[in-house]
Amino acid sequence: MWVNFLWRAALSPGRRAHSALAQLRCVLDRELEGIRGAGTWKSERVITSRQGPCIRVEGISGGILNFCANNYLGLSSHPEVIQAGLQALEEFGAGLSSTRFICGTQSIHKNLEAKIARFHQREDAILYPSCFDANTGLFEALLTPEDAVLSDELNHASVIDGIRLCKAHKYRYRHLDMADLEAKLKEAQKHRLRLVATDGAFSMDGDVAPLQEICRLAAQYGALVFVDECHATGFLGPTGRGTDELLGVMDQVTIINSTLGKALGGASGGYTTGPEPLISLMRQRSRPYLFSNSLPPAVVGCASKALDLLMESNTIVQSMAAKTRRFRSKMEAAGFTISGADHPICPVMLGDARLSSQMAEDMLKKATLWSRRARPGSGCRSQPYTVRKTSTAVWRPLWRWGSCTELCPRLRPEALTQPRVLEPG
């Protein structure tokens, strides 16, 4: 009898749930310890000020120079952008408490979508809560098992996840390798639709996709071209339209996905822009659009004003390009290896994730520069120490780079070990 009682007690729902939770904790503890042991633990610095080139960070006295935000044009704290957000908040409220197709579409949403389409010289546009949502919502809604998608192996995680969700045949070509893309296009001729998917500018290495060659191959083999422009919209190209403008192929790229959360005000939001029938299909089938709340009015107002500023003048875009060229040339002259091609993302190549983390800490403590380390697992072939440009104030200390290397010995080129190539994964 006692044996049966103990057996039933051991199998009681409460004990089984406790056992499952204990097992989960063991699994999670091992995973977390592995991340710490690899030197790739990502700590979150708590900012106590507005985003900008100079910020305040919890636990650190004085201002910190911010080299790591995606606030490329410095519009996150632009007074006109902030005022536009406040005006939209006052006029249209805090939020819609609804998806777009039920009762969540306001005039400002439609106006911003029209403005985005105009900015990119496309037929129509659709808003999402983020570009991650735009990427995960596109491929599944557009492509079927009859189709094929051909993806650069180092595309952003959101593009990769979006492709995984769709039922199309999947081809992965080597990073920026046009011969391999052509071979995959030949192989994919048996499918109904062929879609080449690439980042316009790759966020880890700062390199730019060869869109002229991609578009030539797409035309030759009857394929469509999709470009994720999150790290290009607003500042690449003569007027900031992006990589397709920079390389002169605006009329050859079929679909563009991009973000409102970087150069265009920095709040949140993403979008797809392209042919009107495609956008109409997204409104009917794209799950992140159909099952997510509408963008808050304040976010819409800020992004709309940021686009206004860009379309009124290209001065801020040209200033960004000049600063990027100067920073890269000064860093290379100082003996550092900077990867990428004239992009504001300037990875200082170290070749080791742990060293990147150590340097980030040293820069923060000694040189008062808040720096961002590499994101392991994102597909990068080597570990960069990434510096991003935001606005004019960021640049001034860089012309006195020698003082920074005195404060942080690991920054001196002669102190760095020879970079070693790390295989993906």
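The values are calculated or read from the model by the stated rules, or taken from the named source; none is laboratory data. For clarity, every value in this text was computed on a predicted model and none was experimentally measured. Cβ: placed from backbone, ideal geometry, glycine included. Neighbour counts: every protein chain shown. Surface areas here come from the heavy atoms of the whole protein model, side chains and all, with no ligands, DNA or RNA. Shrake-Rupley method; radii C 1.70, N 1.55, O 1.52, S 1.80 Å.
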* **18 Å cut-off, amide nitrogen to a point 7 angstrom out along ARG50 Cα→Cβ, residues in the stretch 233-270** => 261-268
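Could you grab the Rg to Rh ratio for the stretch 191-240? Cα atoms only, Kirkwood for Rh. Walk me through the intermediate numbers first.
Working: Rg = 12.1 Å, Rh = 11.8 Å.
For the stretch 191-240, the value is 1.03.
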* Structure fact -> Straight-line reach check, LYS190, cutoff 16 Å on alpha carbons, 8 or more apart in-chain or any other chain, hits among lysines -> LYS167, LYS170
* If the convex hull is drawn through the Cα atoms of the stretch 160-218, its volume per residue in Å³ -> 86 Å³
* Structure fact -> Diffusion coefficient in µm²/s returned for the stretch 258-351 by Stokes-Einstein, Kirkwood Rh over C-alpha pairs, 20 °C and 1.002 mPa s, is 130 µm²/s
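If you take every residue apart from ALA114 with its C-beta less than 14 Å away from the C-beta of ALA114, what net charge results, scoring Lys and Arg +1 and Asp and Glu -1?
Details: positive: LYS110, LYS115, ARG118, ARG122; negative: GLU113, GLU123, ASP124, GLU276, ASP308.
So the surrounding residues net to -1.
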* Please list 40-46, 24-30 highest first by mean number of surrounding beta-carbon atoms within 10 Å per residue. => 40-46, 24-30
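For LEU21 and ARG174, what is the calculated FRET efficiency with R₀ set at 41 Å and r taken between the beta-carbons, to the nearest 0.05?
On the way: r = 44 Å, r/R0 = 1.07.
After rounding to 0.05, the efficiency reads 0.40.
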* For PHE291, what is the net charge nearby, where nearby means another residue's Cβ is under 11 Å from its Cβ and Lys, Arg count +1, Asp, Glu -1? -> +1
* Structure fact -> At R0 = 30 Å the Cβ-Cβ FRET efficiency linking GLN121 and ALA157, nearest 0.05, sits at 0.60
* To do: Determine the per residue accessible area of the stretch 59-188 with all protein chains present and a 1.4 angstrom probe, expressed in square angstrom.
  => 44 Å²
* Asked: Amide H to amide H, which residues 5 or more places from LEU224 or on other chains are under 5 Å from it, using H placed in the peptide plane?
  -> ARG194, LEU195, VAL196
* To do: Just the number, please: percent antiparallel of the DSSP beta bridges in the stretch 134-255, rounded to the nearest 5.
  => 5 percent
* How are the C-alpha pair distances of the stretch 49-94 spread across 5 Å bins, as whole percents from the shortest bin up? -> 5, 20, 21, 18, 15, 12, 8, 2
* Let me know the Rg and Dmax you get for the stretch 89-241 when you use only its Cα atoms, in Å. => 17.2, 55
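Stokes-Einstein at 37 °C, 0.692 mPa s, Kirkwood radius from Cα pairs: D for the stretch 1-156 in µm² s⁻¹?
Details: Rh = 22.4 Å.
In µm²/s, the coefficient rounds to 146.
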* Asked: Any idea what the dipole of the stretch 262-349 comes to, in debye rounded to 20, about its Cα centre with Lys/Arg Cβ at +1 and Asp/Glu Cβ at -1?
  -> 200 debye
* Structure fact -> Length-normalised contact order of the stretch 36-97, Cα under 8 Å, at least 6 apart, in percent, tallies to 20 percent
* **Contour minus Cα-Cα distance for ASN111 and GLU33 (0.36 nm per residue)** => 23.2 nm
* To do: Starting from the eigenvalues of the Cα gyration tensor, five times each then square-rooted, give me the equivalent ellipsoid semi-axes of the stretch 158-278, largest first, whole Å.
  => 24, 16, 14
